[in-house]
Amino acid sequence: QVQLVESGGGLVQAGGSLRLSCAASGRTGTRYTMGWFRQAPGKEREFVAAITGIGTNTYYADSGEGRFTISRDNGKNTVYLQMSSLKPEDTAVYYCGAVLRGSDTSVPSNYVYWGRGTQVTVSS
């Protein structure tokens, strides 16, 4: 069993930055690719970024390319999402998830574990 807990969300002005963290407990290690998704009210959960087990490969949605950076510290069992140049349309609940190697990281239904999310609000 794996537990994921997100933190770091908050209210920020447009153009600002936030760093989200996802702390994992349980049997994690490098067996899982970790991903960040977001969900705005009335919308479906949307892929943001993912990083493979040892951090060799990263993947980004077009919406965050060049503004968001995903990283992981396996010694701390933590995954990060550094977000900069934030826009009001980035407002959403951000979720961290774990998916087994080889799965399509952009598909929410492939993820086997999820955190409860952290709210990010970007004001204009």
### Task
With unit charges on the beta carbon (Lys/Arg positive, Asp/Glu negative), name the residue among THR69, SER25, ALA92 whose Cα is farthest towards the positive pole of the charge dipole of the chain.
SER25
### Query
With θ set to phi - 60° and the Karplus curve 6.51 cos²θ - 1.76 cosθ + 1.60, what are the ³J(HN,Hα) couplings of region 119-124 in order, to the nearest whole Hz, using x for Gly and Pro?
7, 10, 10, 10, 8, 8
### Message
At 0.36 nm per residue, and after removing the present C-alpha to C-alpha distance, how many nm does the segment from GLU44 to ASN77 gain when stretched out fully?
### Response
9.1 nm
### Task
Over region 22-73, with every protein chain in place, what whole percent of the accessible area is carbon and sulfur at 1.4 Å, could you tell me?
45
### Query
Per q in 0.12, 0.14, 0.15, 0.20 1/Å, what log10 I(q)/I(0) does a Debye calculation on the alpha-carbon atoms of region 25-106 return?
-0.33, -0.45, -0.51, -0.88
#### Entry: Segment ASP104-TYR59, length gained on full extension (0.36 nm per residue, minus Cα span)
15.1 nm
### Query
³J(HN,Hα) across region 78-92 via Karplus (A = 6.51, B = -1.76, C = 1.60, θ = phi - 60°), whole Hz, x for Gly/Pro?
9, 10, 10, 10, 8, 10, 10, 6, 5, 10, x, 6, 7, 4, 4
### Query
How large is ³J(HN,Hα) for each residue in region 104-113, as worked out from phi by the Karplus curve 6.51 cos²θ - 1.76 cosθ + 1.60 (θ = phi - 60°), to whole Hz, x for Gly and Pro?
5, 6, 8, 9, x, 5, 7, 7, 9, 9
### Message
Restricting to DSSP loop positions (anything but H, G, I, E, B) with no more than 14 other Cβ atoms inside 10 Å of their own Cβ, which trypsin sites (Lys or Arg not before Pro) remain in region 22-96?
### Response
ARG27, ARG31, LYS43, LYS76
### Rounded accessible area per residue of the chain, 1.4 Å, Å²
51
## Note on the structure
Ignoring GluC sites (Glu not before Pro) buried by more than 16 other Cβ within 10 Å or outside DSSP loops, the longest site-free run in the chain is 66-124
### Message
Compute a Gaussian network model of the chain, connecting alpha carbons closer than 10 Å, and tell me which residue from PRO108, PRO41, PRO88 fluctuates the most.
### Response
PRO41
### Query
Suppose every K and R has +1 on its Cβ and every D and E has -1 on its Cβ; what is the size of the dipole of the chain about the Cα centre, in Debye to the nearest 20?
360
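The values are calculated or read from the model by the stated rules, or taken from the named source; none is laboratory data. The shown structure was predicted, so the numbers you read here are calculated from the model rather than taken from an experiment. Every residue, glycine as well, gets a Cβ built from its backbone with ideal geometry; the counts of neighbours run over all protein chains shown. When the accessible area is computed, the model is the full protein with side chains, heavy atoms only, and any ligands, DNA or RNA have been set aside. Shrake-Rupley method; radii C 1.70, N 1.55, O 1.52, S 1.80 Å.
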